[in-house]
1. Placing +1 at every Lys and Arg Cβ and -1 at every Asp and Glu Cβ, with all other atoms neutral, what dipole size does the chain have around its Cα centre, in debye to the nearest 20?
2. Can you compute the modelled spin-label distance between VAL140 and PHE102, with each label point 7 Å from Cα toward Cβ, in nm?
3. Could you tell me which of rounded, prolate or oblate describes the range 173-228, using a ≥ b ≥ c as the square roots of the eigenvalues of the alpha-carbon gyration tensor, with rounded for a/c under 1.5 and, failing that, prolate when a/b is larger than b/c and oblate otherwise?
4. Round to the nearest 0.05 the FRET efficiency obtained for ARG116 and GLU219 when R0 = 41 Å and r is the Cβ-Cβ distance.
5. Return a whole-number percent for the relative contact order of the chain, with Cα pairs under 8 Å and 6 or more residues apart as the contact set.
6. Among all the aspartates and glutamates, which ones have a C-alpha under 19 Å from LYS204's C-alpha, if same-chain residues fewer than 8 places away are not counted?
7. What residue among THR218, SER78, LEU155 has its Cα farthest toward the positive end of the dipole of the chain, where the charges are +1 on Lys, Arg and -1 on Asp, Glu, each on the Cβ?
8. Can you sort SER211, SER70 by how many other beta carbons sit within 10 Å, fewest first?
Amino acid sequence: MRILIADDDPQILRALRITLTARGYDVVTAPDGATALSQAAEHRPDLLILDLGMPGIGGVDVIHGVRGWSALPILVVSGRTDSADKVDALDAGADDYVTKPFAIDELLARVRALTRRTVQAPESPTVTFGDVTVNLADTVATRRSADGRTEPVRLTPTEWKLLEQLIRHPGQLVTRQMLLTEVWGPQYTTDTGYLRLYLAQLRKKLEPVPSAPRYLITEPGMGYRFVPDELPDSL
């Protein structure tokens, strides 16, 4: 059973890692929201323990991001005691909420309860939109031509990373900051020119009419959204 812990307090990360590892859990940690999203996509945890008040991408945004492609249980562990914060987290898709400071026995009980009803997302999603089929596991994209033949679509490694971030959040707004952090790194969060360039390239390769995109949509001033033909419950 794998648990991802996301918290910007290194002492809490260390304490929870030691405690949960001692009880037989496989533990992965993340010190911020951007890392939490990438670790969730890479390691496919059975449970996410999440702090709300992290730098950069906050906890509620992480919940929204994860919920775009996964139904894994999310346990919020936060020092925020205001009921509005709890409501925001639960409305975003969190399954439970524990306020800091917490008793370790209570936390372990919540972990056991949530992991008993874990629902796994498919490990190797294949997504089809329009004439395009994308296999994220094998990094293979194909396109059906007008005469019915299936032809490969050649994408660069950077194009793949960008497309994967969008596809794993179907129907969800993916902010420019999140995309820049995940694809290029946190030092590039203001370089929006990269996004415009690579989105234009992806549209030329994947959209029926690149100048009027149907699937890779720009949300002005905010980010981008992948809109499939039908929104699945989870990928």
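The numbers here are math on the coordinates, done by the rules we state, and not lab data. Just so you know, these numbers come straight off a predicted model, no measurement behind them. Neighbour counts are summed over all protein chains in view; Cβ atoms, including those assigned to glycine, are modelled from backbone coordinates with ideal geometry.
1. Taking the Cα centre of the chain as origin, the dipole is about 440 debye.
2. Label at VAL140, label at PHE102, 4.2 nm between them.
3. prolate
4. Once the sixth-power term is evaluated, E becomes 0.65.
5. Once normalised by length, the contact order is 15 percent.
6. ASP131, GLU151, GLU159, GLU164, GLU219, ASP229
7. Looking along the dipole axis, the top candidate is LEU155.
8. If I rank by nearby Cβ atoms, fewest first, I get SER211, SER70.
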